[in-house]
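Q: Below is a structure I'd like to ask you about.
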Amino acid sequence: MISGIITKVAGPLVIAEGMRNANMFDVVRVSKQRLIGEIIEMHGDKASIQVYEETSGLGPGEVVESTGVPLSVELGPGLIGAIYDGIQRPLNEIMKVAGNNLTRGVEVPSLDHKKKWHFNPSIKPGAKVQAGDVIGTVNETNAVLHKIMVPNKISGTVKSVKEGDFTIDDTVAVIENDGKEVNITMAVKWPVRIGRPYKRKLSPDILLTTGQRTIDTLFPIAKGGVAAVPGPFGSGKTVVQHQLAKWAAADIIVYIGCGERGNEMTDVLNEFPELKDPRTGNSLMERTVLIANTSDMPVAAREASIYTGITIAEYFRDMGYTVALMADSTSRWAEALREMSGRLEEMPGEEGYPAYLGSRLAQFYERAGRVIVNGTDDTEGALSVIGAVSPPGGDISEPVSQATLRIVKVFWGLDASLAYKRHFPAINWLTSYSLYTDQLTKWFKENASEDFMELRGRLMSLLQDEAELQEIVNLVGMDALSSGDRLKLETARSIREDYLHQNAFDSIDTYTSLKKQVLMMRAILLSYDKSSEALKKGADIDLLMGMDVRERIGRFKYVEESDIETEFGAISAVIDQEIEDVIERSED
């Protein structure tokens, strides 16, 4: 056991001497209280240690012991439905041991080592296996079949495998390689700062459907893609992430509450178990892992929390699942980096953040992707990362937002003025963008509609025209506009209020299939095109804008999925009829 003596304590930073034989990123136990820390810098025999717990009361002369292993997470049955802190300590178990207060130095295993799981083998003795191959399964919840895989760097012939009820420490299979026998259990450990290996990355050309019209239509994210949701306080970042957690086409959700206020995380902890999973009809927690590291928990642990979360997400990706990871928010994580950098007396970068902020963010986001995972079969898995950013005052020119935007391919810019108007999601359609659109064009044509991208382009064009026309209206009034421009403004209003605005609390409107999105776009644009033709024939603009069918188009989003084609046919017929009536009345 390598041990040293504390010489300096500065907040979460502890410096210890006599650690010459220790390694970078080793986990250490600090003082008699056995606080958890990690070595982040070595200078000769001096180790700089980031302590993940409150350090008040620590002083020079106390002992530091190295465990000799890097900060790792325990991966195996029991992860789903768990609620962890930033260093994978189960909060429910800590509460049983220490009560409602998070006691320092408490040691609780990440997974339950006493619980027995029923193991079903999927291979037979004599089979040749390699790292990543599935040797058996465990029914972890109704929604998740947990696949037990051959650990990394292990391959050979299966000597024995058995079915039955085992703990995660029991041997379920034995693999023989070069005369050596390796016992395989249901749990493995993996260092959080090292990405789990895979065969190759695939192009992001499949849509991650979310059922949110603004996202799927205007600013789509691909499976395995990365997106940022920046926005000021109260603009709805957390609500957007909740909607994506519930409705995105992902098998597993990993939600990291990184430094957000305690009440927001409490909402997640209260709501997720009660939310009905639209896929299974059971609780959403049956396919969710929560990592809670709120703003009143130790700052340094925020830094570890996003690595803990993404390592768990990679583990499920390696099983061939589509995983969506929500990080709320990376700004709080960056603040933890800034504090540690200051304590280490490093040369600060912009606004006091460390100069390596951009590279650390990139290391996190690049672990996303749609990949062919390790193993004999070419199994495909995907890990999509959606990171919320909380710039002070909503100013995205600050370093964390700018560093994030250089990395991610999707920018959903939340707008406080839209949020105050109760427009959800408050994604500003003039400042947001998605760089996956071109790669998804073929997918949209094959899976949504041949004319999907054309419809989308027309919607965007009308919204941009509205912004320009609105400036004229603000200067000289509505009367200065031509009839054609007034019709454009009315259509853009319909796009904003009837299409982009979505009611997250309405059982029908909370999720919209791609088929319904196409028909809704066609209804709005059909009304616009027919009205434009009528204007050329001398129709009165006020009569056109007062047509009853406009209200019916607005109610289209509340129509059940089974009735959308019937309703679209009815709307088309009513548009034709009402426009004929308007033309006749205009001639009179």
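Q: Rounded to the nearest 500, what is the 222 nm mean residue ellipticity of the chain from helices alone, with -39500 (n - 2.57) per DSSP H run of 4+ residues and division by all residues?
A: The helix-only estimate for the chain comes to -10500 deg cm²/dmol at 222 nm.
Q: So, one more: For LYS223, enumerate residues with amide H under 5 Å from its amide H, sequence gap 5+ or separate chain, H modeled in the peptide plane.
A: Excluding prolines and chain starts, which carry no amide H, the hits are ILE206, LEU207, LEU208.
Q: Using a 1.4 Å probe and ignoring any ligands, DNA or RNA, find the accessible area of SER572 and quote it in Å² to the nearest 10.
A: 30
Q: Follow-up. Under 15 Å from the Cα of LYS445, which aspartates and glutamates turn up, not counting those fewer than eight places away in the same chain?
A: Within the straight-line limit of under 15 Å, LYS445 reaches these aspartates and glutamates: ASP205, ASP216, GLU454.
Q: Calculate, in whole percent, how much of the Cα-Cα pair population of the stretch 1-120 lies beyond 20 Å.
A: 46
Q: Would you please state the base-10 log of I(q)/I(0) at q = 0.17, 0.19, 0.21, 0.26 1/Å for the stretch 28-89, with intensities from the Debye formula using one equal scatterer on every alpha carbon?
A: Once normalised to I(0) and log-transformed, intensities are -0.68, -0.81, -0.93, -1.22.
Q: Right, something else. So, for the stretch 11-103, what is the accessible surface per residue at a probe of 1.4 Å, expressed in square angstrom?
A: 41
Q: Measure up LYS421/LYS516; LYS115/LYS199; LYS116/LYS180; LYS32/LYS96 against 31 Å on the Cα-Cα distance and list the ones that go over.
A: As for pairs spanning more than 31 Å Cα to Cα, those are LYS115/LYS199.
Q: Less than 14 Å Cβ to Cβ from VAL69, Lys/Arg counted +1 and Asp/Glu -1: what total charge do the surrounding residues give?
A: -1
Q: Would you please state the base-10 log of I(q)/I(0) at q = 0.16, 0.17, 0.21 1/Å for the stretch 146-268, with intensities from the Debye formula using one equal scatterer on every alpha carbon?
A: Those come out to -0.98, -1.02, -1.23, one per q.
Q: What fraction of the DSSP beta bridges in the chain is antiparallel, stated in percent and rounded to the nearest 5?
A: Antiparallel bridges make up about 70 percent of those DSSP assigns within the chain.
Q: Measure up LYS201/LYS237; LYS124/LYS153; LYS124/LYS162; LYS153/LYS189; LYS124/LYS159 against 18 Å on the Cα-Cα distance and list the ones that go over.
A: Table pairs above 18 Å Cα-Cα are LYS201/LYS237; LYS124/LYS153.
Q: Around SER397, what is the net charge, scoring Lys/Arg as +1 and Asp/Glu as -1 over all other residues with Cβ under 11 Å from its Cβ?
A: Charge balance near SER397 sits at -4.
Q: Let me ask another. Given a 1.4 Å probe, how much area per residue of the stretch 480-545 is accessible, in Å²? Let's see the in-between values first.
A: Working: 2600 Å² over 66 residues.
With all protein chains present, the stretch 480-545 gives 39 Å² per residue.
Q: Moving on. Would you give the gap between the C-alpha center of the stretch 282-297 and the C-alpha center of the stretch 326-380, rounded to a whole Å?
A: 20
Q: Going by accessible area, probe 1.4 Å, with all protein chains left in place, what is the ranking of ASP318, ASP178, ASP45, ASP542, largest first?
A: Result of the area sort, largest leading: ASP178, ASP542, ASP45, ASP318.
Q: Next question. Leaving out ligands and nucleic acids, note down the accessible area per residue over the stretch 301-388 with a 1.4 angstrom probe, in whole Å².
A: 28
Q: How fast does the chain diffuse by Stokes-Einstein, in µm²/s, taking the Kirkwood radius from C-alpha pairs at 37 °C and 0.692 mPa s?
A: 124
Q: For the chain, what's the relative contact order in percent, using C-alpha pairs closer than 8 Å and at least 6 residues apart?
A: Computed value for the chain: 13 percent relative contact order.
Q: OK, next. Of the heavy-atom accessible surface of the stretch 1-133 (probe 1.4 angstrom), what whole percent is carbon and sulfur?
A: Values: 3200 of 6220 Å².
Solvent-exposed carbon and sulfur of the stretch 1-133 make up 51 percent of the total.
The values are calculated or read from the model by the stated rules, or taken from the named source; none is laboratory data. Quantities reported herein were computed from a predicted structural model and do not represent experimental measurements. All Cβ positions, glycine included, derive from the backbone under ideal geometry; neighbour counts span all protein chains shown. What goes into the accessible areas is simple: the full protein's heavy atoms, side chains included, and nothing from ligands, DNA or RNA. Shrake-Rupley method; radii C 1.70, N 1.55, O 1.52, S 1.80 Å.
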